[in-house]
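Undergrad: Quick one: the structure is below, and I'll ask about it shortly.
The values are calculated or read from the model by the stated rules, or taken from the named source; none is laboratory data. Keep in mind the model is a prediction, meaning the values are calculated, not measured. So basically every Cβ, Gly included, is an ideal-geometry build from the backbone, and we count neighbours across all protein chains shown. In case anyone asks, the SASA skips ligands and DNA or RNA and just uses the protein heavy atoms, side chains included. Shrake-Rupley method; radii C 1.70, N 1.55, O 1.52, S 1.80 Å.
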Amino acid sequence: LGGEIMDLTKAIIYVLVIIGSYVFATQLTGFRLRKASEDAIEALFTRTASYAVRMERKNQQKFNLLSEEKKLKSFSYQYYSFINELMLDIGWRKFGVSPEVFTVANVVLSLFIGMILLIVVKSLFVVLYMCTVIFILNIAVIFSISRIGARKRLRKLIAAENLICGNISRGIEEAVRLNMDLFDPEVRPAFALFLDRWTMQNYSLQKALALLSKDLGHHSVPLLRRVLIFEEEHRPGQEDMFRFIMSCNIREEERNAVRDRCFRDMNINFALCAGIVLMFAFMCIGTFPAVVEVYKTAGGKFVLALLFSTLALAFVAVQAMQSKRFVFKPKKLR
């Protein structure tokens, strides 16, 4: 008991010495740890934000020069489009979170988690491997969360498209103005900005529609392409294209219900399988002391990292599969 009291006394003395030294140093030099930490964090956010803005401008200039064929082959453009769609679905795009801002923030978050893992695991190779997995996993988690918002947003966008298609004979400007109050508040600002760019800021129709497509997402691309053709040519019978889009939207609503049910079952099955694997691993660690000793070695840590990354990459694969276009094939006749 006496030894424990002495150890506690020494710990208290050490703490008091540290506090006293800090107070003396702050009085002597004017240094404030809290203010220095706040300044460092602010400088980090400022630098990362400015870097993201520079990357956004650079990407916009590069992507504007790409043809449609090159855009399909460009990995950077496909990644940009995918992340931009995620930001729209989850609702972060209206707060100014661009794909570049999200990517930079994801890198910083992955490195921060990696630094914490480095303290625990003490293996640089394992941590670098895990940082890559965590970066991809963060995107997959955001995609999984955004699916609820994506479904709601798609319904609102389809309703707006049907309203425009029903009045397209008056021209896109009149079709948008007449139905502005009927658009859902979530998609209304994008159409209002489109009218402002085209009629007030003297944007060309092609550029205004391209920016509107970016604001609305990939679902509106077929409609806006037909709008551009209709406005430039005004040939008789072109209104039939938009009636076809309305019928396609009706079929898409029916198919989305089938797709959502399939994806829900897929996610439930994956969660059950992952839960069984994790339960087995934890039972082995908790039941056999020798297993704990093995996992303390470098090889054991790598095995644990491999187990986590396998589950994480399986989750990523499941979410990537759900992000692909759903193809409905006609039933074969018996």
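Undergrad: Where the centre of each part is set by its Cα atoms, how far does the stretch 235-282 sit from the stretch 297-311, in angstrom?
TA: Each part reduced to its Cα centre gives a spacing of 34 Å.
Undergrad: If you plug each phi of the stretch 248-254 into the Karplus form 6.51 cos²θ - 1.76 cosθ + 1.60 with θ = phi - 60°, what whole-Hz ³J(HN,Hα) values come out, in order, with x for Gly and Pro?
TA: Per residue, the Karplus-derived 3J(HN,Hα) values read 5, 5, 5, 5, 5, 4, 5 Hz.
Undergrad: Could you tell me the calculated FRET efficiency between Q238 and Y77, based on Cβ-Cβ distance and R0 = 45 angstrom, to the nearest 0.05?
TA: E(calc), rounded to 0.05, equals 0.90.
Undergrad: Sticking with this one: Could you give the distance between the Cα centres of the stretch 65-139 and the stretch 140-217, to the whole Å?
TA: 27 Å
Undergrad: Hey, another quick one. Taking only protein heavy atoms and a 1.4 Å probe, what accessible area per residue, in Å², does the stretch 147-295 have with all protein chains in place?
TA: Per-residue value: 59 Å².
Undergrad: Between their Cα atoms, which of K71/K152; K94/K214; K62/K214; K152/K207; K94/K207; K122/K296 are more than 18 Å away from each other?
TA: With Cα atoms farther than 18 Å apart: K71/K152; K152/K207; K94/K207.
Undergrad: Here is a follow-up. If r is the Cβ-Cβ distance from C284 to V108 and R0 is 41 Å, what FRET efficiency results, to the nearest 0.05?
TA: The computed FRET efficiency comes out at 0.75.
Undergrad: With 16 Å as the cut-off, how large is the P(r) tail for the stretch 210-305, expressed as percent of Cα-Cα pairs?
TA: 75 percent
Undergrad: Can you run phi through the Karplus equation (6.51, -1.76, 1.60; θ = phi - 60°) for the stretch 132-142 and list ³J(HN,Hα) in whole Hz, with x for Gly and Pro?
TA: 5, 5, 5, 4, 5, 5, 4, 5, 5, 5, 4
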